[in-house]
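Worksheet: one structure, shown below.
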Amino acid sequence: QVQLVESGGGLVQPGGSLRLSCAASGTISSINTMGWYRQAPGKERELVAYRTSGGTTNYADSVKGRFTISRDNPKNTVYLQMNSLKPEDTAVYYCTYGLLPSRPNVWGQGTQVTVSS
C-alpha cells in the first residue's frame, strides 16, 4: 500500500512561482510513475504532468514551458515547479502514483493553489 503526502500549495500573484512536493511511503515499486493532476471548480480533473521512474515526462499543453516536474527517486518524492502562474492555474492539485503512466491508482489528499492579485 502506498501513501502520498503533498505540500507547497498556497496563494500567489499572477506571474509568480510555487513548488509543490509529494512524498510517497509504503510499498513502492522500483518501476512507477508519479505525477500531478488538478481540478478547478466546475471542471473535470486533468493531467498536469507525470514523470516515470525511468525519467520519461509528459506535460499538459497548457503548462509546457512553465511547469517542470522532477523526482528524487531515493526519497520517493516528486516535485512540481510552477512558474509564470496564471489565474487559470487555480485548482486543487493532486499528487498521484501508479505503475503505468496516465493510470494512477493512488491519489494524495490535494493541495490548493490559488493564483490571484
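In segment 21-30, is there at least one residue being under 12 Å from the mean Cα position of the chain (by Cα) and not small (G, A, S)?
yes
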- Task: Would you mind listing the strands (runs of 3 or more DSSP E) fully within segment 35-107 where at least 2 residues are under 19 Å from Q1 (Cα atoms) and open to solvent by 40 Å² or more (accessible area, probe 1.4 Å)?
- Result: none
- Confirm whether V78 is farther than 16 Å from P101 by Cα and either free of Cβ contacts under 8 Å to residues at least 60 places away in the same chain or over 13 Å from the mean Cα position of the chain (by Cα) (or both). no
- Item | Pick from segment 1-16, criterion small (G, A, S) and either assigned to a strand (DSSP E or B) or open to solvent by 30 Å² or more (accessible area, probe 1.4 Å) (or both), ranking: farthest from V78 (Cα to Cα) | G15
- Item | Where a residue in segment 34-60 is farther than 15 Å from R103 by Cβ and modelled with pLDDT under 95 and its partner, wherever it lies, is assigned to a loop (DSSP other than H, G, I, E, B) and open to solvent by 60 Å² or more (accessible area, probe 1.4 Å), with Cβ under 9 Å and at least six apart | G54/I31
- Would you be able to say whether some residue in segment 17-34 is part of a loop (DSSP other than H, G, I, E, B), in contact with a helix residue (DSSP H, G or I) (Cβ under 7 Å, 6 or more places away or on another chain), farther than 16 Å from G110 by Cβ and open to solvent by 30 Å² or more (accessible area, probe 1.4 Å)? no
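The values are calculated or read from the model by the stated rules, or taken from the named source; none is laboratory data. Values in this document were obtained by computation on a predicted structure and should not be read as measured data. Every residue, glycine among them, receives a Cβ derived from its backbone with ideal geometry; neighbour counts consider all protein chains shown. For accessibility, only protein heavy atoms count, side chains too; no ligands or nucleic acids. Shrake-Rupley method; radii C 1.70, N 1.55, O 1.52, S 1.80 Å.
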